[in-house]
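The values are calculated or read from the model by the stated rules, or taken from the named source; none is laboratory data. Because the structure is predicted, anything quoted here is derived from the model rather than measured. When we count neighbours, we look across all protein chains shown, and the Cβ atoms used for this are built from the backbone with ideal geometry, even at glycine. Areas reflect the complete protein model, heavy atoms only, side chains present, ligands, DNA and RNA absent. Shrake-Rupley method; radii C 1.70, N 1.55, O 1.52, S 1.80 Å.
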Amino acid sequence: MTFSGLHHVAISVDDVDTAIAFYTEVLGCTVRTDRPDFGFPGAWLDAGAQQIHLMQFGPGEQARGHFALRVDSTGAWHERLDGHGVAHQVADHVVGAGHQIFLHDPAGNQIELNEPDQ
């Protein structure tokens with residue numbers, strides 16, 4: 001069981017429109033149109049074969065940045081994590097995002113294991 005690459009990095013931003021302008025106009029990323037409504041402002045951007053996910057949070061809200069590793073089977077990873085006694089959350093399928101498992105490393109950094117729909 002291996003990773004097939006970095007799927008995306010999610011970062012917190014103060015203003016999603018300003019961030020979109022920077023990442024598209026300055027860095028040349030393109031905006032994806034398949035981001036579901038997660039209940040907070042944000043955007044998904046293509047950066048070559050990987051993505052950057054922008055998440056806007058207001059003052060006092062906790063930032064939720066993470067990185068996502070692309071995997072072939074979240075089911076197999078669920079079994080592996082259980083076997084190692086690693087706490088994790090299997091998320092409901094999200095159209096456009098695929099199947100996801102969320103866990104934390106020993107330092108508390110959030111990691112997403114992502115099995116995309118395509």
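Evaluating 6.51 cos²θ - 1.76 cosθ + 1.60 at θ = phi - 60° for every residue in region 93-100, the Karplus couplings come out as 4, 10, 4, x, 10, x, 9, 9 Hz, glycine and proline recorded as x.
Got a sec? Charge dipole of the chain, +1 on Cβ for Lys and Arg, -1 for Asp and Glu; which of PRO36, VAL71, GLY98 is way out at the positive end? Going by the charge dipole, the pick is VAL71. Backbone amide hydrogens, once placed in the peptide plane, bring GLY98 within less than 5 Å of ASP117, excluding anything fewer than 5 places away on its chain. Fully extending the segment from VAL94 to ARG80, taken as 0.36 nm per residue of separation minus the present Cα-Cα distance, adds 2.8 nm.
Beta bridges from DSSP with both residues in the chain: antiparallel share about 70 percent, rounded to the nearest 5. Only alpha carbons enter this Debye calculation for the chain, each as an equal point scatterer, and the log10 of I(q)/I(0) it gives at q = 0.11 Å⁻¹ is -0.38.
Whole-Hz Karplus values for region 45-61 come out as 10, 8, 10, x, 7, 10, 10, 10, 9, 9, 10, 9, 10, x, x, x, 7 Hz, taken residue by residue from phi with 6.51 cos²θ - 1.76 cosθ + 1.60 and θ = phi - 60°; glycine and proline positions read x. Report in % the part of the accessible area of the chain that belongs to carbon and sulfur, leaving out ligands and nucleic acids; probe 1.4 Å. That fraction is 52 percent.
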